[in-house]
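Written out below as structure tokens is the structure these notes cover.
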Ligand SMILES: Nc1ncnc2c1ncn2[C@@H]1O[C@H](COP(=O)(O)OP(=O)(O)O)[C@@H](O)[C@H]1O
Ligand SMILES: [Mg+2]
């Protein structure tokens with residue numbers, strides 16, 4: 001097994017720059033997830049690692065070996081595609097054995113590898129079927145099986161769950177996690193779905209427009225987003241962002257004229273500076289408390305156990321989403337007090353970059 | 001609803017009958033005595049069916065040789081056409097190389113030019129190469145039909161790139177991918193194409209007539225034409241010759257119908 005490093009990867013298609021200097025280190029055995037909106041260059045990056053796309057600039061190193069100029073089959077990678085890309089005229093067994101047969105493995109070796117992978121994925125009963133006779137989830141497993149059989153140093157997954165229905169997606173997510181624990185293979189996984197990223201990753205790499213926005217553990221990124229983009233990309237409902245101007249004494253004046261207490265910052269900001277204040281919906285507290293502000297309930301989305309309440313300061317003002325346990329008591333049109341606790345606020349400067357809070361202890 | 005269905009069925013049957021009737025009459029006439037078909041009104045069935053016409057054909061006329069010639073030329077034409085057309089169509093669809101799309105557009109544009117226009121230049125070229133009056137010369141136009149390349153390319157476009165890339169990651173060479181992945185997927189279209197080429201070269205009259213001077217090398221259509229010049233009056237013999245010409249391809253066509261139809265349909269059904 002081996003680590004992966006992508007060094008200053010750049011890629012242009014004609015005039016369009018798709019990757020604009022991406023550097024990523026994935027440690028041996030790590031499960032790294034690249035997440036970002038569609039079109040940000042995730043697939044291009046993954047395909048460059050696989051050797052299916054040539055970089056305009058930069059290096060790919062796998063297990064200490066520079067593979068930048070090697071063909072895909074010699075890079076020690078296995079890739080699972082979004083469309084699964086199974087060979088339609090071959091049985092599941094033949095699909096999984098295809099690579100080994102080309103590598104001139106003996107029949108015994110091929111059988112052993114295929115049977116082992118089939119056992120791991122619980123697809124033994126499907127081995128003699130053709131892909132057309134499989135469900136989406138089963139095809140997915142076969143595609144993963146084909147990757148396992150290669151015994152790669154690195155697994156590459158390109159949005160492997162996006163073609164499955166919601167229910168199956170949750171189950172397969174769990175299976176991916178289990179598989180990774182079982183095999184311990186270094187994995188680079190690409191998705192546009194932040195839930196997949198949060199649940200699967202040891203480390204998340206947030207990509208936007210071919211540039212890395214932030215790298216860190218899911219917890220890190222959620223608690224300390226480096227900018228508004230990351231803050232709003234991770235977590236549902238997404239983080240509320242309010243425009244404000246810093247006033248004296250740790251206070252800010254919101255757009256609607258009301259005052260809001262700010263957290264202590266590592267470096268104080270001059271009064272009069274425009275900032276964006278972020279708060280996650282689950283951090284908004286409804287109920288009377290010192291510093292709470294009155295809001296009108298504009299709209300309640302009830303999800304069963306949880307409800308998302310949209311709070312409005314005035315009739316036309318931008319609503320603030322608040323997530324809480326639903327006891328059925330909140331009514332649309334009602335006026336409630338809500339607290340935006342200072343220690344739960346995220347502050348961003350005019351460019352969207354996070355302002356660091358004062359480090360306590 | 002039901003009345004409409006009957007109308008459609010009836011119309012279809014009528015069209016089918018109109019199409020098949022001449023073929024059936026051809027078969028019938030081939031068993032008639034000389035001059036019988038020229039009577040008025042022409043008889044539908046032979047008064048005294050006999051195999052005399054076929055005896056003459058295979059005997060003194062020696063149609064067996066021309067039949068063999070035709071089978072040889074058409075088979076070779078089919079094999080050669082597939083050999084060149086399939087890789088070309090695949091390459092135009094799936095491989096990246098400079099000038100790919102421009103070249104392809106040029107080829108498609110050439111489809112507009114009727115084949116007959118190219119015949120004289122081609123003849124002169126082959127003459128310079130010393131291929132006139134040989135099967136090598138007769139086969140040249142079939143080497144890589146543009147329509148075939150177009151057909152294969154269109155079908156290849158429906159093969160997802162990711163599948164070929166998966167094979168590349170699996171370590172397959174381009175040749176291996178073509179043989180083990182692409183060819184099996186293309187089977188229906190290959191059968192269709194093979195039939196087209198076989199039929200085309202089997203029925204081709206003009207080119208073999210131009211390029212083949214030696215009577216021993218004649219294919220069936222050319223030989224029959226030569227025969228009809230000698231036996232202008234002998235309709236019954238000509239019809240027997242027509243039967244010998246039509247029957248093999250008809251049988252081939254019917255035998256491969258299953259593949260052929262699926263080949264024509266898959267494109268549209270799969271989208
Ligand atoms: N072969 C290509 N030629 C031209 N542009 C491409 C090609 N492949 C991808 N792109 C462009 O690069 C951008 C990133 O694509 P991609 O890596 O597939 O994004 P993602 O996987 O994050 O959705 C897109 O704008 C896409 O249109
Ligand atoms: Mg993608």
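Of note:
- Listed here are the strands (runs of 3 or more DSSP E) enclosed by the range A:1-54 that have at least 1 residues being within 7 Å of ligand 1 (Cβ to nearest atom) and in the same structural domain as residue A:73 (by TED's automatic domain parsing): A:4-13, A:16-26.
- Options B:164, B:143, B:139: the member that is closer than 21 Å to residue B:83 by Cα, within 14 Å of chain A (Cβ to nearest Cβ) and either touching a helix residue (DSSP H, G or I) at 6+ places or on another chain (Cβ under 6 Å) or crowded, with 20+ Cβ neighbours inside 10 Å (or both): B:164
- Tallying residues that are buried (at least 20 other Cβ atoms within 10 Å of the Cβ) and at the interface with chain A (Cβ under 9 Å from one of its Cβ atoms) within the range B:169-179 yields 3.
- Only one of B:169, B:185, B:181 that is modelled with pLDDT of 95 or more and closer than 23 Å to residue A:81 by Cβ: B:169
Here is a yes/no grid of residues against (1) in a helix (DSSP H, G or I); (2) at pLDDT 95 or above; (3) in contact with a strand residue (DSSP E or B) (Cβ under 6 Å, 6 or more places away or on another chain); (4) within 9 Å of chain B (Cβ to nearest Cβ):
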| residue | (1), (2), (3), (4) |
| --- | --- |
| A:69 | no, yes, no, no |
| A:84 | no, no, no, yes |
| A:94 | yes, yes, no, no |
| A:98 | yes, yes, no, yes |
| A:104 | no, no, no, no |
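- When the criteria are applied in full, residue A:21 fails the requirement of being modelled with pLDDT of 95 or more, at positive phi and within 15 Å of ligand 2 (Cβ to nearest atom).
- Residue A:211 being modelled with pLDDT of 95 or more, in contact with a strand residue (DSSP E or B) (Cβ under 8 Å, 6 or more places away or on another chain) and within 16 Å of ligand 2 (Cβ to nearest atom): no
- Selection over the range B:162-210 of residues that are under 23 Å from residue B:78 (Cα atoms) and not in a helix (DSSP H, G or I) gives a count of 2.
- Verdict on residue A:149 being more than 16 Å from ligand 1 (Cβ to nearest atom), within 14 Å of chain B (Cβ to nearest Cβ) and within 23 Å of residue A:3 (Cα to Cα): yes
- Scanning the range B:146-161 for residues that are assigned to a helix (DSSP H, G or I) and either within 10 Å of residue B:94 (Cβ to Cβ) or within 14 Å of another protein chain (Cβ to nearest Cβ) (or both) yields B:153, B:155, B:156, B:157, B:161.
- Tally, over the range B:93-133, of residues that are assigned to a helix (DSSP H, G or I), free of Cβ contacts under 8 Å to residues at least 60 places away in the same chain and under 24 Å from the mean Cα position of the chain (by Cα): 11
- Annotation: of all residues in the range A:2-18 being more than 14 Å from every other protein chain (Cβ to nearest Cβ) and within 16 Å of ligand 2 (Cβ to nearest atom), the one that is farthest from the chain's Cα centre (by Cα) is A:16.
- Residue A:77 being more than 27 Å from residue A:217 (Cα to Cα) and within 14 Å of another protein chain (Cβ to nearest Cβ): no
- Selection over the range A:31-67 of residues that are away from ligand 2 (no atom under 12 Å from the Cβ), away from every other protein chain (no Cβ under 14 Å) and either free of Cβ contacts under 8 Å to residues at least 12 places away in the same chain or surrounded by fewer than 18 Cβ atoms within 10 Å (Cβ to Cβ) (or both) gives a count of 9.
- Selection from the range B:49-71 of residues that are assigned to a loop (DSSP other than H, G, I, E, B) and in contact with a helix residue (DSSP H, G or I) (Cβ under 7 Å, 6 or more places away or on another chain): B:61
- Test: residue in the range A:100-112 that is closer than 22 Å to residue A:161 by Cα, in contact (Cβ under 8 Å) with a residue 24 or more places away in the chain and in the same structural domain as residue A:170 (by TED's automatic domain parsing): no
Residue by residue, here is whether (1) in the same structural domain as residue A:79 (by TED's automatic domain parsing); (2) modelled with pLDDT under 95; (3) within 13 Å of the chain's Cα centre (by Cα) holds:
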residue	(1), (2), (3)
A:151	yes, yes, no
A:155	yes, no, no
A:169	yes, yes, no
A:174	yes, yes, no
A:190	yes, no, yes
A:201	yes, no, yes
A:206	yes, no, yes
A:215	yes, no, yes
A:219	yes, no, yes
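- Set side by side, the residues B:21, B:77, B:37 differ, and just one is assigned to a helix (DSSP H, G or I) and modelled with pLDDT of 95 or more, which is B:77.
- Residue B:32 being in contact (Cβ under 8 Å) with a residue 40 or more places away in the chain, part of a loop (DSSP other than H, G, I, E, B) and either closer than 15 Å to residue B:241 by Cα or in contact with a strand residue (DSSP E or B) (Cβ under 7 Å, 6 or more places away or on another chain) (or both): yes
The values are calculated or read from the model by the stated rules, or taken from the named source; none is laboratory data. Every value quoted in this text rests on a predicted model; they were computed, and no experiment measured them. Every residue, glycine among them, receives a Cβ derived from its backbone with ideal geometry; neighbour counts consider all protein chains shown.
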